[in-house]
1. Would you confirm, using the coordinates I've provided, whether ARG91 is over 24 Å from the mean Cα position of the chain (by Cα), free of Cβ contacts under 8 Å to residues at least 12 places away in the same chain and either surrounded by 17 or more Cβ atoms within 10 Å (Cβ to Cβ) or in a helix (DSSP H, G or I) (or both)?
2. Collect the residues in segment 249-269 that are within 15 Å of ALA235 (Cα to Cα) and either without any contact (Cβ under 8 Å) to a residue 60 or more places away in the chain or part of a helix (DSSP H, G or I) (or both), keeping them in residue-number order.
3. Residue by residue through segment 239-297, note down the ones that are among the hydroxyl-bearing types (Ser, Thr, Tyr) and touching a strand residue (DSSP E or B) at 6+ places or on another chain (Cβ under 8 Å).
4. Do the conditions hold for HIS197, that is, is it more than 30 Å from LEU55 (Cα to Cα) and not hydrophobic (A, V, I, L, M, F, W, C)?
5. Considering each residue of segment 248-306, count those that are under 22 Å from ARG181 (Cβ atoms), among the aromatic types (Phe, Trp, Tyr) and out of contact with any Ser or Thr (no Cβ under 6 Å at 6 or more places or on another chain), and give that number.
6. Which ranges mark the helices (runs of 4 or more DSSP H) fully within segment 1-83 that have 2 or more residues being open to solvent by less than 30 Å² (accessible area, probe 1.4 Å)?
7. Kindly indicate which of THR116, THR104 is hydroxyl-bearing (Ser, Thr, Tyr), modelled with pLDDT of 95 or more, part of a helix (DSSP H, G or I) and surrounded by 13 or more Cβ atoms within 10 Å (Cβ to Cβ).
8. Of the residues PHE291, PHE272, PHE236, which single one is touching a Pro at 6+ places or on another chain (Cβ under 8 Å), open to solvent by less than 50 Å² (accessible area, probe 1.4 Å) and not in a helix (DSSP H, G or I)?
Amino acid sequence: MQPTTGVLLVNLGTPTAASQVAVRHFLRAFLQDRRVVDLPRPLWWCLLNGIILPLRAGRVARAYQSIWTPEGSPLLAFGLAQQQALGEALRQVDAPLPVALAMTYGEPSLARAWQTLKAQGVNRVVLLPLFPQYSSTSTAPVFDAWSRLMAREPAVPALDFIADYHAHPGYIAALAAGVRRHWQAHGQDDFLLLSFHGIPERYVRRGDPYEAQCHATARLLAAALALQPEQWGIAFQSRFGREVWLQPYTDQLLQQLPVRGIRRLGVLCPGFAADCLETLEEIAVEGKNSFLAAGGSEYHYLPALNAQAEHISLLRDLVLSQCRPASEWPLSR
């Protein structure tokens with residue numbers, strides 16, 4: 001009997017509300033993951049519950065309130081749009097696979113999404129973390145959570161796990177298409193900054209390929225856009241704590257670029273499959289304020305891929321590559 005395949009899209013997660021209570025609950029679940037913070041548990045428990053959550057929950061809640069939409073969290077709204085669009089795209093190529101959306105932390109949970117697929121007779125899962133570049137802090141927790149869930153499952157489904165797609169031609173083409181649309185609407189900026197989420201440097205030293213994959217994505221995108229070395233750069237955002245993270249730091253570079261003569265700046269966050277707090281507030285708002293205060297004259301945040309047609313085509317291709325040989329794809333190129 002042929003297996004019934006289902007698709008499980010997974011993003012990191014979001015609070016259920018822009019309240020301090022909901023944000024605190026989300027941050028606790030996220031920051032308790034040993035993959036995210038690997039400090040000794042007794043020490044980290046004290047720091048997290050005694051200092052970090054009391055100090056950060058209110059500030060982060062206010063940041064979420066500034067980007068909250070009538071549909072709720074932008075990350076969830078875009079995720080649901082991606083789920084629906086991917087399902088429609090698969091039906092259009094005669095591959096009507098059920099598609100579910102889950103978050104590693106928060107709702108919709110991985111367990112709930114799996115039960116939705118299971119109720120439709122799915123016994124083979126294409127598990128697609130929406131993290132183009134693999135990291136032990138983002139992609140690996142998806143696999144960990146799936147493994148814990150399957151430990152309680154009497155009949156474990158077959159699994160196709162897509163660990164990364166940082167150099168996939170469709171991904172680079174989708175990013176490039178978004179940049180070109182921005183140029184057509186606003187003109188080309190003096191400089192294109194590619195800002196990726198940061199991780200501690202020591203994670204890379206012990207084998208995490210994330211930094212190398214970020215640089216590979218950046219080089220491929222710059223080549224696709226025919227940018228010269230002086231027209232683009234890479235940086236890493238969202239660090240916290242005193243530990244050294246991947247550099248250069250986005251917040252510092254935004255202050256340095258005007259000194260180097262960059263007055264008109266475009267910023268793209270290629271590692272985020274959907275817009276969220278880190279893009280809409282940290283980059284689009286705080287980043288803009290920082291750049292302009294340092295002497296810049298014009299700042300453009302370029303949206304994440306979200307549910308753009310090129311992105312959905314990429315996700316469709318990634319799924320179909322796991323379901324049938326490439327020679328059998330009924331895709332329109």
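1. Working: over 24 Å from the mean Cα position of the chain (by Cα): yes; free of Cβ contacts under 8 Å to residues at least 12 places away in the same chain: yes; either surrounded by 17 or more Cβ atoms within 10 Å (Cβ to Cβ) or in a helix (DSSP H, G or I) (or both): yes.
It is true that ARG91 is over 24 Å from the mean Cα position of the chain (by Cα), free of Cβ contacts under 8 Å to residues at least 12 places away in the same chain and either surrounded by 17 or more Cβ atoms within 10 Å (Cβ to Cβ) or in a helix (DSSP H, G or I) (or both).
2. Residues of segment 249-269 that are within 15 Å of ALA235 (Cα to Cα), as a first pass: 249-257, 265-269.
Across segment 249-269, the qualifying residues are TYR249, THR250, ASP251, GLN252, LEU253, LEU254, GLN255, GLN256.
3. We begin by selecting, within segment 239-297, every residue among the hydroxyl-bearing types (Ser, Thr, Tyr); these are 249-250, 279, 290, 297.
TYR249, THR250, THR279, SER297 - these are the residues of segment 239-297 that are among the hydroxyl-bearing types (Ser, Thr, Tyr) and touching a strand residue (DSSP E or B) at 6+ places or on another chain (Cβ under 8 Å).
4. On the way: more than 30 Å from LEU55 (Cα to Cα): no; not hydrophobic (A, V, I, L, M, F, W, C): yes.
Answer is no for this residue.
5. The total comes to 3.
6. Numbers: elements: 20-31, 41-47, 53-67.
Per the criteria, 20-31, 53-67.
7. Numbers: THR104 fails: part of a helix (DSSP H, G or I).
Testing whether each residue is hydroxyl-bearing (Ser, Thr, Tyr), modelled with pLDDT of 95 or more, part of a helix (DSSP H, G or I) and surrounded by 13 or more Cβ atoms within 10 Å (Cβ to Cβ) leaves just THR116.
8. Values: PHE291 fails: not in a helix (DSSP H, G or I); PHE272 fails: touching a Pro at 6+ places or on another chain (Cβ under 8 Å).
Selected residue: PHE236, the only one of PHE291, PHE272, PHE236 that is touching a Pro at 6+ places or on another chain (Cβ under 8 Å), open to solvent by less than 50 Å² (accessible area, probe 1.4 Å) and not in a helix (DSSP H, G or I).
The values are calculated or read from the model by the stated rules, or taken from the named source; none is laboratory data. The shown structure was predicted, so the numbers you read here are calculated from the model rather than taken from an experiment. Heads up, the Cβs are rebuilt from the backbone with ideal geometry, glycines too, and the neighbour counts pull from every protein chain shown. All accessible areas refer to the heavy atoms of the entire protein, side chains included, with ligands and DNA or RNA removed. Shrake-Rupley method; radii C 1.70, N 1.55, O 1.52, S 1.80 Å.
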